[in-house]
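Asks: Shown below is the structure under consideration.
The values are calculated or read from the model by the stated rules, or taken from the named source; none is laboratory data. Predicted, not measured: the structure shown is a model, and the values here were computed from it. Backbone-built Cβ (ideal geometry, glycine too); neighbour counts: all protein chains shown. Ligands, DNA and RNA are excluded from the accessible area calculation, which covers all protein heavy atoms including side chains. Shrake-Rupley method; radii C 1.70, N 1.55, O 1.52, S 1.80 Å.
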Amino acid sequence: MDIKQIKKDFPILDIKVNNKPLIYLDNAATTQKPLPVIEAISEYYQKYNANVHRGVHTLSQIATDKFEQVREQIRKFINAEHSSEIVYTRGTTESLNLLASSLSHYLREGDEIIVSESEHHSNIVPWQMACERTKTKLRVLPINDDGTYDISKLDSLLNENTKIVSLAQVSNSLGVIHDIKNIFHYIREIKHDNIFLIADGAQGIPHLKVDVQDLSCDFYCFSAHKIYAPMGIGVLYGRKELLEEMYPYQGGGEMIKEVSFEKTTYNIAPYRFEAGTPSVSDVIGFGKALEYIEQIGFDNIIAHEDKIMQYTIEQLERIEGLKIIGNAEHKAGAISFLIGNSHPFDVGTLLDQLGVAIRTGHHCAQPVMQHYNIPGTARASFALYTDFEDIDIFIKSLNRIVPMLQ
Ligand code: PLP
C-alpha cells in the first residue's frame, strides 16, 4: 500500500492544526472521507437528487437504483445472504435501539439480556431501557484486566431465561478484539436456539473482515462513518426470517403496505424498518467508500493496520511512566493509555497543541473505566491512511509532553 499516495485522497489530512500538520489519530470516533466519497455526494445533489421508491420520474428511478445497488454492495461486503437483510439506519446507535425496541415484543417478565462490561453505552442503555419496559433483567459478562471477556463466567450467565446476547466485536475504548464467533457458535451448540445473538460491529467493521454468516450472528450493527463513509448512515444486518417477522421500529411512510384507520399492514423487510425519507446522499457516499476500500483491498488494509498497531505498542512501551490499558494479545484500531498520574484531558490538550488529534475521556464506556478505577484514558486510533511517520510524530510529541505532565 502506498500510504503517501492514499493520503492525497483525503483532503483534510493536508490541513494544519495549531500551525502544525494534522496527525489524525481519532479514527475510532470517526474516519476521514476520501475525495471520491465527497464528490459522489456532491454529484448526487447536482445531478440526481430525488426521493427514493416514490416516483415514476427518471430522477427518482436513478436515485432508487443507486440506493438499492449500495444495499447489494453492503450485502457482499459483510457476506449476508440476501440484500433484504440490510436495513439502512442512522448508525450503530439507531440499529441497537431498533433491536431493543423491536425485540422487546419477544420479551417476558423474568427474561434476561446479556451484555459485557466493556460495551459502548449504545450497547448498554437501549437494553436497560428495554429492561425497564419489559421487566427483564440485564446481566453482565465481566472482562479480565487485559480487556478480554471473562469467558469462564459465560456458563453461569446463560440459562433458560436468556433471550438476548449483545456483544461488541472490538472494544471501542481498549481496541481489544473479542472472539464473538466462538461465543456465538458455543451458545448455538449448547442448544440455546432461542437466543438472539447480536454483534456491535462499530469498531469491527473498519478493521476486520466481516462475514455475518460465519459469525453466526442474528444481527450485526455498524456505522458507515467509521469506515470512510458519511455520517448519519449505518446498517442493521438481520437474518431474513427474523426481520420478516419482527415488529417495526418507527411508523410512517415507506414502511407500510396499506393504511386505514381500522388497520395498517406493514411492508416487507427491509423497508418495514425504514420509515420516512432516508439519507440518500449518504447511502451514495457509503457505496463509494466501499468501492474505495475494495480498490485498495481489505486484506492490505488489515495487514497495514496490524503493522501500525504492533509498531505503536512497541514505541509506547518505551515511554517511561506510560501504561497501556487493556493489554490483550489481539487488538485492532485503537490503543488506550495513561501517563503517570496525569489526567488524560491534559495529555489530549497538550498533544493537540502539537497538531496530534487523539481522544480522551471515558469513550462512552464508563463501566470500563469503573473496572480499572480510572476517570478515562487517552486513546490513539488508526485508519488505513495512518503511516509510520504519523506514529513517529505522535511518539515524539508524547516524549515532549511527558516532562510537562509530572
Ligand atoms: N458501539 C461502538 C463499539 C462504538 O465504538 C460506537 C461509536 O463510537 C457506537 C457503538 C455508536 O456508534 P454511532 O455513534 O456511530 O451510532
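Asks: Can you tell which of Tyr271, Met369, Ser260 lies farthest toward the positive end of the dipole of the chain, using +1 and -1 charges on the Cβ of basic and acidic side chains (Lys, Arg; Asp, Glu)?
Replies: After comparing all options, I get Ser260.
Asks: Okay, next question. For the chain, just the Cα set please: Rg and Dmax, both in angstrom.
Replies: Radius of gyration, then largest Cα-Cα span, for the chain: 21.8, 72 Å.
Asks: Could you tell me which of Thr136, Tyr24, Leu96 has its Cα farthest along the dipole of the chain towards the positive end, charges placed at Cβ (Lys, Arg +1; Asp, Glu -1), taken about the Cα centre?
Replies: Checked the options; the winner is Tyr24.
Asks: Where the centre of each part is set by its Cα atoms, how far does the range 15-87 sit from the range 244-272, in angstrom?
Replies: First find each Cα centre; the distance between them is then 26 Å.
Asks: I've got another one for you. Shape of the range 104-255 from its Cα gyration tensor (a ≥ b ≥ c, root eigenvalues): rounded if a/c is under 1.5, otherwise prolate when a/b > b/c, or oblate? Write down the numbers at each step before the final one.
Replies: On the way: a/c = 1.45, a/b = 1.03, b/c = 1.41.
The shape class here is rounded.
Asks: Indicate the gyration tensor shape class of the range 1-156 (rounded, prolate or oblate), computed on the Cα atoms with a ≥ b ≥ c the square roots of the eigenvalues: a/c under 1.5 is rounded; otherwise a/b larger than b/c is prolate and the rest oblate. Please list the in-between numbers first.
Replies: Details: a/c = 2.59, a/b = 1.34, b/c = 1.93.
In terms of gyration-tensor shape, oblate.
Asks: Round to a whole number: what % of the accessible area of the chain belongs to carbon and sulfur, probe 1.4 Å?
Replies: Values: 8760 of 17860 Å².
C and S atoms contribute 49 percent here.
Asks: Suppose every Lys and Arg Cβ carries +1 and every Asp and Glu Cβ carries -1, with no other charges. What dipole size does the chain come out with about its Cα centre, to the nearest 20 debye?
Replies: Working: 39 positive and 53 negative charges, 151 e Å.
Approximately 720 debye in magnitude.
Asks: How do the peptides 393-401, 14-22, 175-183 rank, highest first, by the average count of neighbouring beta carbon atoms within 10 Å per residue? Display every interim value, and only then the final one.
Replies: Details: 393-401: 17.8, 14-22: 12.0, 175-183: 21.0.
Listed from highest to lowest mean packing, they are 175-183, 393-401, 14-22.
Asks: Could you tally the net charge around Thr92, taking each other residue with its Cβ under 14 Å from the Cβ of Thr92, Lys/Arg +1 and Asp/Glu -1? Display every interim value, and only then the final one.
Replies: Working: positive: Arg90, Lys226; negative: Glu94, Glu119, Asp200.
In short, -1.
Asks: If packing is taken as the average number of other Cβ atoms within 10 Å across a peptide's residues, how do 56-63, 254-261 rank, most packed first? Intermediate values should be presented prior to the final figure.
Replies: Details: 56-63: 13.8, 254-261: 12.1.
Per-residue Cβ counts within 10 Å, averaged per peptide and sorted highest first, yield 56-63, 254-261.
Asks: List, in the order given, every pair from Lys33/Lys137; Lys7/Lys181; Lys257/Lys288; Lys7/Lys66; Lys4/Lys47; Lys135/Lys226 whose Cα-Cα distance in the structure shown is over 29 Å.
Replies: On the way: Lys33/Lys137 40 Å; Lys7/Lys181 33 Å; Lys257/Lys288 31 Å; Lys7/Lys66 27 Å; Lys4/Lys47 32 Å; Lys135/Lys226 34 Å.
In this structure, Lys33/Lys137; Lys7/Lys181; Lys257/Lys288; Lys4/Lys47; Lys135/Lys226 lie more than 29 Å apart at Cα.
Asks: Something else now. Per residue, how many Å² of accessible area does the chain show with a 1.4 Å probe? Could you put the intermediate results ahead of the total?
Replies: Numbers: 17860 Å² over 406 residues.
On a per-residue basis, 44 Å².
Asks: Express in whole angstrom the spacing between the alpha-carbon centres of the range 187-235 and the range 368-406.
Replies: 28
Asks: Now a separate question. Hydropathy at least 0.5 by Kyte-Doolittle, axial extent at least 20 angstrom from the Cα trace: which helices of the chain, defined as entire DSSP H runs, fit?
Replies: Values: long enough: 58-77 (28 Å, -0.78); 280-296 (25 Å, 0.56); 298-317 (28 Å, -0.44); 388-405 (25 Å, 0.69).
Qualifying helices: 280-296, 388-405.
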